[in-house]
Structures are given as structure tokens and as C-alpha cells.
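The values are calculated or read from the model by the stated rules, or taken from the named source; none is laboratory data. Bear in mind that the values here come from a model prediction, so they are computed numbers and not experimental data. Methodologically, a virtual Cβ is constructed for each residue, glycine included, from the backbone with ideal geometry; neighbour enumeration extends over all protein chains shown. Only protein heavy atoms, including side chains, enter the accessible area calculation; ligands, DNA and RNA are left aside. Shrake-Rupley method; radii C 1.70, N 1.55, O 1.52, S 1.80 Å.
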Amino acid sequence: AKGRAKFLNQLPKEYHTKAVVFNVDRDELDRRMTKREIETGKTVPAHVVTSMLKSFTPPTNAEFDEIVNV
């Protein structure tokens, strides 16, 4: 939320803001990370993914004019 606020505060007030949230469960994230490692050789440690999931705060109507969950 803090990072979003920093970005959103730079926008003119007349802009219409829309958040698009991709709700991906942990099993799908793990599957994608495995595929990425196989295809590119790049990895993101599981503890980093876990930390990011724990710290994620969904966007609110106070931040955005519109929120779409995919």
C-alpha cells in the first residue's frame, strides 16, 4: 500500500485510477516459478515469495476509483 501511495500521489487528481488484481494461489505461483526456472534458469527463492505474499495488502476503494479482481 505504501508503494502504491507513492505512485498514486504523483497522478493528477482528475485521473481515473483502476487497480487490476490477479488472484493467483500458491500452487499456481509455485508451478509458474518451476516453469520459469526450467525455461530461463532464473529462480526466486520460496522464502521471498512467501514474504511477498504475507506483505501484500489488497488495493482499497480509498486508493482507486475502480478495482477489478481477475
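Could you count how many residues in the range 16-35 are surrounded by 10 or more Cβ atoms within 10 Å (Cβ to Cβ) and under 17 Å from Thr60 (Cα atoms)?
Summing the residues that are surrounded by 10 or more Cβ atoms within 10 Å (Cβ to Cβ) and under 17 Å from Thr60 (Cα atoms) in the range 16-35 gives 5.
So, in the range 1-15, of the ones that are assigned to a helix (DSSP H, G or I), open to solvent by 100 Å² or more (accessible area, probe 1.4 Å) and charged (D, E, K, R), which residue ends up modelled with the highest pLDDT?
Here the answer is Lys6.
Could you tell me whether the range 37-48 includes any residue that is under 20 Å from Val70 (Cα atoms) and either part of a loop (DSSP other than H, G, I, E, B) or of a type in the set (A, V, I, L, M) (or both)?
no
Going by the structure shown, is Thr57 assigned to a helix (DSSP H, G or I), surrounded by 10 or more Cβ atoms within 10 Å (Cβ to Cβ), touching a helix residue (DSSP H, G or I) at 6+ places or on another chain (Cβ under 9 Å) and polar (S, T, N, Q)?
no
State whether one or more residues within the range 45-65 are touching a Lys or Arg at 6+ places or on another chain (Cβ under 6 Å) and more than 13 Å from Ala1 (Cα to Cα).
no
Looking at Ile38, Ile67, which is the one that is of a type in the set (Val, Ile, Thr), modelled with pLDDT of 95 or more and open to solvent by 100 Å² or more (accessible area, probe 1.4 Å)?
None of the others qualify; the one that does is Ile38.
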